[in-house]
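Here's the structure, in structure tokens; my notes come after.
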Amino acid sequence: MNTIQCNAENPINSIGLYLKNYFGKKTVKLSLDGGFTCPNRDGSKGVGGCIFCSADGSGDFASNIPGQIKLLSDKWPDSNHLAYFQNHTNTYASVSELRQKYYAVLNNPEISGIAIATRPDCFSEEIYELLDEINKKTFLWVELGLQTIHQETAELINRCYPLKVYDEAVKRLKELNIRTVVHLIFGLPGESKQDMLDSVRYVCKDKIFGLKIHMLNVVKGSQMEKLYPDYVSFCSIEEYVSLVVDALEIIPADITIHRMSADAPRPILISPDWSYKKRTILNGIHKELKSRNSWQGKKCL
Ligand code: SF4
């Protein structure tokens, strides 16, 4: 368990800091495209994807791994590297395919661990066993895209699984001592500030390893663009920053923070038109924490 305590000098338990302490040096995530698809796109659960998800495809994976790793590790030669299976649903394949793809990465001496982003409805007992095996050998976290705990919103965004499926996945991952990161989105259509903070409280009660939060971006190629072309999740950076700080105050200090803003590429970003200003947003969050004399978990004490 992470033992970092937050305070005015160290207000956020960032994953960057956690990894630096864990590995003893700066650790960079290398985002890899595993060539997976998603049950919300291929018709087995839904079609068209979650309404905020851009439709970017995924390339041929196996032959690309060494090249991708080399390219990215050349960029950060003195760093430690984690392979991050980010695109689409990275447990959505047969166990043999998953094994081959995960180990193709892990067998690379440049790689010290692996992060796997997926949906909570894409596990089987065989997949849990594979993850358990990997977790016992190396550094692993599994990232679950939940977005919201509210069923009405889940239906509206076409998530295509109920909250109890998430609960079961978190429970099983916890039994296996696998670090679990939960992904929430702020500003989904119809949600109040209270709804969003309730989602934060709910996921934190399970003592998860990490939390990834960002504002809803409307991007080109998503269903949002067609259904709600004029939708803007937050009218200003200040409004978003204030909500993130409200959330940080109720997130226990031992939960690592993986993200606090979205990073949609500018060419596909529709709204909010300021959301690409990651540095400004992060500075705003730190400034707001300072002005409140607050920090992550302050309201949990
Ligand atoms: S957000 Fe995730 S689960 Fe939803 S459509 Fe995109 S890849 Fe699939």
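The values are calculated or read from the model by the stated rules, or taken from the named source; none is laboratory data. None of the values given here were measured: they were computed from a predicted structure. Backbone-built Cβ (ideal geometry, glycine too); neighbour counts: all protein chains shown. Note: accessible area is taken over every heavy atom of the protein model, side chains too, but ligands, DNA and RNA are not part of it. Shrake-Rupley method; radii C 1.70, N 1.55, O 1.52, S 1.80 Å.
Yes or no: residue 237 modelled with pLDDT under 95 and among the β-branched types (Val, Ile, Thr)? No; evaluated as a whole, the condition is false for this residue. Within region 191-209, restricting attention to residues that are open to solvent by 50 Å² or more (accessible area, probe 1.4 Å) and of a type in the set (D, E, K, R), the residue that is farthest from residue 233 (Cα to Cα) is 207.
Determine, yes or no, whether residue 185 is within 16 Å of the ligand (Cβ to nearest atom), open to solvent by less than 50 Å² (accessible area, probe 1.4 Å), out of contact with any His (no Cβ under 7 Å at 6 or more places or on another chain) and under 22 Å from residue 48 (Cβ atoms). Judged against the criteria, residue 185 is not a match. In region 54-76, is there at least one residue being of a type in the set (A, V, I, L, M), within 29 Å of residue 149 (Cα to Cα), out of contact with any helix residue (DSSP H, G or I) (no Cβ under 8 Å at 6 or more places or on another chain) and modelled with pLDDT under 85? Within region 54-76 (the criterion being of a type in the set (A, V, I, L, M), within 29 Å of residue 149 (Cα to Cα), out of contact with any helix residue (DSSP H, G or I) (no Cβ under 8 Å at 6 or more places or on another chain) and modelled with pLDDT under 85), the answer is yes, since at least one residue qualifies. The set of residues in region 92-133 being more than 22 Å from residue 161 (Cβ to Cβ), of a type in the set (A, V, I, L, M, F, W, C) and more than 22 Å from the chain's Cα centre (by Cα) consists of 104 alone.
Of all the residues in region 68-102, those that are in a loop (DSSP other than H, G, I, E, B), farther than 21 Å from residue 126 by Cα and away from the ligand (no atom under 16 Å from the Cβ) number 4.
Looking across region 243-278, just one residue is hydroxyl-bearing (Ser, Thr, Tyr) and surrounded by fewer than 19 Cβ atoms within 10 Å (Cβ to Cβ), and that is 276. Could you grab me the full set of residues in region 159-177 that are over 30 Å from residue 225 (Cα atoms) and crowded, with 19+ Cβ neighbours inside 10 Å? 169, 170, 173, listed by residue number.
Condition check ((1) open to solvent by 30 Å² or more (accessible area, probe 1.4 Å); (2) more than 10 Å from the ligand (Cβ to nearest atom)) across all residues:
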residue: 110; (1), (2): yes, yes
residue: 128; (1), (2): no, yes
residue: 133; (1), (2): yes, yes
residue: 145; (1), (2): no, no
residue: 151; (1), (2): yes, yes
residue: 156; (1), (2): yes, yes
